[in-house]
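Structure first, then comments.
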Amino acid sequence: MKKHFYWAFVVIATALIQTTWLDAVRVQGVVPDLTLLLVVYFAITDGEERAMFTGVLGGMYQDVASDAVLGHYVLCNVVVGYGVGRMSRRLLSDHPAIKTALVLCAALVHGILYTAILYVQKPDISAIRTIGVSVIPGAFYTALVTPVALFLLSRVFQNRKAVQGEAA
């Protein structure tokens, strides 16, 4: 029970940071997607089910905090979490370069899927321009912070698992 509470706290805190404080590190209008990093981290370490739950919880918070229609972030995070979770079973994903490439691909898929959903609802936007101006740079920015973020996450959750293992 404590494990699930701790996981939910980390996901909600990350989504809160994503929607409030990350404007301080905005570069050329893009910020790293920390919620997506959590989704990919849990897809690699715990499988697609935990990643999808992470995507639902973090995506709900992002949907409520943004001006988008509810469900966009949830859908994109869940699809990416499922895909990365299934793919990570077949990859040797212990190397940081593979994890970074996986986050880059996941961020590109997430951004393209989000833009496609947005384009269906508002056909007057320029989808190609949106992908070129915000999705691709955002994916590279997210991939750039991946090694540090995944290192910190692995330290936090490995220490938590070690403490739980000693208590059992």
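When V69 is tested against (1) in a helix (DSSP H, G or I); (2) under 23 Å from I17 (Cα atoms), only condition (1) is not met. Taking (1) modelled with pLDDT under 95; (2) under 28 Å from Y6 (Cβ atoms); (3) not hydroxyl-bearing (S, T, Y) in turn, V120 satisfies each apart from (2). Applying the criterion of being among the polar types (S, T, N, Q) and under 20 Å from V120 (Cβ atoms) to the residues of region 42-70, the residue that is surrounded by the fewest Cβ atoms within 10 Å (Cβ to Cβ) is S66.
Yes/no matrix, rows are residues, columns are (1) touching a His at 6+ places or on another chain (Cβ under 8 Å); (2) of a type in the set (S, T, Y):
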{"position": "C76", "(1), (2)": "yes, no"}
{"position": "S88", "(1), (2)": "no, yes"}
{"position": "L92", "(1), (2)": "no, no"}
{"position": "K99", "(1), (2)": "no, no"}
{"position": "V103", "(1), (2)": "no, no"}
{"position": "I112", "(1), (2)": "no, no"}
{"position": "D124", "(1), (2)": "no, no"}
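Condition check for P32 on (1) in a helix (DSSP H, G or I); (2) under 18 Å from G111 (Cα atoms); (3) touching a residue at least 60 places away in the same chain (Cβ under 8 Å); (4) not charged (D, E, K, R): one failure, at (1).
Within the group R50, R86, R129, which residue is assigned to a helix (DSSP H, G or I) and either touching a residue at least 60 places away in the same chain (Cβ under 8 Å) or within 14 Å of the chain's Cα centre (by Cα) (or both)?
One residue alone meets the criteria, R50.
The values are calculated or read from the model by the stated rules, or taken from the named source; none is laboratory data. On a predicted model such as this, the values are computed, not experimentally measured, just so you know. Ideal geometry is used to build each Cβ from the backbone, glycine not excepted, and the neighbour counts take in all protein chains shown.
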